[in-house]
Amino acid sequence: MLGELRTGERRPLARLLTRVEGGDPSVRALLPDLFAAGHGGHLVGITGPPGSGKSTLVSALIGEWRKRGRRVGVLAVDPSSPYTRGAILGDRIRMMEHAADRDVFMRSMASRGELGGLAATTWIAAAALDAAGFDPILIETVGAGQSEVEIARLAETTVVVEVPEMGDEVQAIKAGLLEVADIIAVNKGDRPGADRAARQLRAMLSTAGGRIERKPPPVLVTTATTAEGVPALVDAIEAHRSTARSPMRARERAASQVRRALADLAARHAEADPGWEASVQAVADRELDPFTAAERLLDAGRLE
Amino acid sequence: MMNDRSTDAPIRVLIAKPGLDGHDRGAKVLARGLRDEGFEVIYTGLRQTPEMIADAAEQEDVDVVGLSILSGAHMALLPRTVELLRQRGMDDVLVAAGGIIPDADVTKLKAAGVAEIFGPGTSIGQIARYFRENARRS
């Protein structure tokens, strides 16, 4: 299976991603090898509000990295309906020019009920692209509001895409999305006010620390439709790569991965437990609080 | 139900407009309707070549490819798309078409591997039911 991934064939990778996304139990046995097979591809998150041009920018970034001879993997997440579980995955529309390029692999993912701007399985899908030798691996989130910051836990470098009309200086100092940016791209740079928005962002972000070890993120102006400013953005992302791999950042990312895996495994074991239905019903009937129910299910799992 | 991620994943459908045909209202209405029916719909936009559609379908590992065509070029573009999908090892993907297609061509397209053709007046419910009953499940 993993040998097939390295051949550059698309079909085995596409099939594996379907199994990963669907939570296929057979994937579990592959995971140690999958993670061990990683080539260390640079995980780059692209996030920002709906309509800020994330997909078009990703397409321009693919173009620039292809010029530099790199094989690019892309995961693009769009929201699932909380009511029907259906989804419109439309990020591909902006990226079709790369569809036939064998050195670009692009996959759309529905968030499938997960909040935070990603799907629960996105990080495993990213590991699969890494095992297949793609570098960089771009992860485009659901259009984000102010606090969909999950991407910063997954990606090594997080690019927040804003538009010139993003708001005043108070928007720039709010906690949340902008705070997790390693790089900010003010996209739609051909619109009036782009340079002024970039200046305001630089001024506001240079005054405060947030996470103590950080320098203020670079703020770049891009026009994704013409690729203006895109080579400079790629340079900035590349330059961030070594910072992203500091022992401290690597530890933070590892801790969040272990937490995710833990939550996932615990939920799976608990749901497979014979006591699951009764516990859920007891919580629904207000006979039991959710924490005690969870604790009992965990204890039951440990006794096996 | 939110978060029941291990049970029956939604059917994935690629909706594409092959060829030089700028009319995508129908494709968008269908994409939206299928979303409401619980499908994951990958919409690739206008003016796609059969190669682009097959390459996208391969990477997305979809269960269904839905081709919307109103230009009259269906005899050139649809069999070619089916052929390219098969070349990429997607033997079991369900290919369906929608648009203005004369009855005389329907038989030929079905012989070329297009499983079903939906003409004007088809309801979204009918298409959703057809996909549910006929899509391969991975």
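General remarks:
- Cα long-axis angle, helix A:230-244 against chain A (0 to 90 degrees, to the nearest 10): 50 degrees
- Potential extension, A:Ala261-A:Ala100 segment - 0.36 nm per residue separation minus Cα distance: 54.5 nm
- Percentage relative contact order, chain A, counting C-alpha pairs under 8 Å, at least six apart: 18 percent
- Chain B: relative contact order as a whole-number percent, Cα under 8 Å and 6+ apart: 26 percent
- Per-residue [θ]222 nm for chain B (sum of -39500 (n - 2.57) over DSSP H runs n ≥ 4, rounded to 500): -12500 deg cm²/dmol
- Region A:50-129: antiparallel DSSP beta bridges as a percent of all, rounded to 5: 10 percent
- Shape call, the protein assembly as shown: gyration tensor on alpha carbons, a/c limit 1.5: oblate
- Virtual spin-label span in nm between A:Glu238 and B:Leu20, 7 Å along Cα→Cβ: 4.0 nm
- Taken about its Cα centre, region A:228-286 carries a charge dipole of about 360 debye when Lys and Arg each add +1 at the Cβ and Asp and Glu each add -1 at the Cβ.
- Only protein heavy atoms count here; on that basis, with a 1.4 Å probe, A:Trp123 has an accessible area of about 40 Å².
- Its residues counted as N, region B:12-134 yields a C-alpha radius of gyration over 2.2 N^0.38 Å of 0.93.
- Note on chain B: GNM, Cα springs under 10 Å; of B:Leu85, B:Leu46, B:Leu94, the largest mean-square fluctuation is that of B:Leu46.
- Length added when fully stretched, A:Glu228-A:Arg249, from 0.36 nm per residue minus Cα-Cα: 4.5 nm
- Shape of region A:19-79, Cα gyration tensor, a/c cut at 1.5: oblate
- Accessible-area ranking of B:Thr107, A:Thr56, B:Thr49, largest first, probe 1.4 Å: B:Thr107, B:Thr49, A:Thr56
- For A:Glu287, solvent-accessible area (1.4 Å; no DNA, RNA or ligand), Å²: 140 Å²
- The helix-only estimate of mean residue ellipticity at 222 nm for chain A, built from DSSP H runs of length n ≥ 4 each weighted as -39500 (n - 2.57), is -13500 deg cm²/dmol after division by the residue total.
- Charged-residue dipole, Cβ positions (Lys, Arg, Asp, Glu), the protein assembly as shown about Cα centre, Debye nearest 20: 880 debye
- A:Glu271 paired with A:His39, simple spin-label distance in nm, labels 7 Å along Cα-to-beta-carbon: 3.3 nm
- Partner shielding of A:6-12 amounts to 2, given as the average count of beta-carbon atoms from other chains within 10 Å of each residue beta-carbon.
- Sparsely packed loop sites in region B:60-138 (the trypsin sites (Lys or Arg not before Pro) outside DSSP H, G, I, E and B with at most 10 other Cβ atoms within 10 Å) comprise B:Arg137.
The values are calculated or read from the model by the stated rules, or taken from the named source; none is laboratory data. Predicted model, so just to flag it, every value in this text is computed and none were measured. Every residue, glycine among them, receives a Cβ derived from its backbone with ideal geometry; neighbour counts consider all protein chains shown. Calculation scope for accessible area: heavy atoms of the full protein, side chains included, ligands and nucleic acids excluded. Shrake-Rupley method; radii C 1.70, N 1.55, O 1.52, S 1.80 Å.
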